[in-house]
1. Straight-line reach from Lys76: which lysines have a Cα under 23 Å away, not including same-chain ones fewer than 8 places off?
2. How much of the accessible area of the range 95-137, probe 1.4 Å, is carbon plus sulfur, in whole percent?
3. Can you order the peptides 119-128, 33-42 by their average number of other Cβ atoms within 10 Å per residue, highest first?
Amino acid sequence: RLPVTAAAGPGYLPDSEFYKVEAILRPWRVPHVSSGLLEMGIRGLTVSDVRGVGAQGGSTERHGGSEFSEDKFIAKVKMEIVVCKEQVEAVIDKIIEKARTGEIGDGKIFLIPVSDVVRIRTGERGKEAERMTGGMSDRLSSSVVPIS
Ligand code: ATP
Ligand code: GLN
């Protein structure tokens, strides 16, 4: 049986304060994934409709008409989540937990170092720009809100 947890390497190369977790997901799993992330205080994320090909190849999707594709590209959703280094593994584990069916076509996660974050409204940079009010860091520092 596969371990349903991310097998992290020994530290991160290249090292970075922030990372973008980029996940290619089955469209019908996306609400499940995003609500799971929200529950743990991950409030900022971006999704795009994309199409791709992988081991699933041109095989038609078993789990619903919305993923059916007549050409070799299958409809997927790309979810991009920028988080600080300390949150990367929790985010990856949550995505696996919520997105996985065990069938070919569950998707992939790419981890990309991010050199800076800028909040346009305030001009904040780095940690200040990445942190979100009521986000995971806030929840971890207050014992009032339970963390799922
Ligand atoms: P503000 O406090 O000025 O509202 P904010 O940090 O909450 O800033 P928004 O302006 O609400 O950011 O975010 C705009 C868009 O940026 C979001 O709809 C989302 O697509 C994207 N986004 C924000 N934060 C992240 C993040 N950490 N990872 C990925 N996408 C993000
Ligand atoms: N790391 C941020 C925080 O804890 C949350 C980032 C995010 O929601 N993508 O506030």
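The values are calculated or read from the model by the stated rules, or taken from the named source; none is laboratory data. Computed from a prediction, not measured in an experiment: that's the story for all the values here. No Cβ is skipped: glycine too gets one built from the backbone with ideal geometry, and neighbour counts run over all protein chains shown. Keep in mind that these areas ignore ligands, DNA and RNA; they rest on the heavy atoms of the full protein, side chains included. Shrake-Rupley method; radii C 1.70, N 1.55, O 1.52, S 1.80 Å.
1. List returned: Lys20, Lys94, Lys98, Lys108.
2. 53
3. With the highest mean Cβ count within 10 Å placed first, the list reads 33-42, 119-128.
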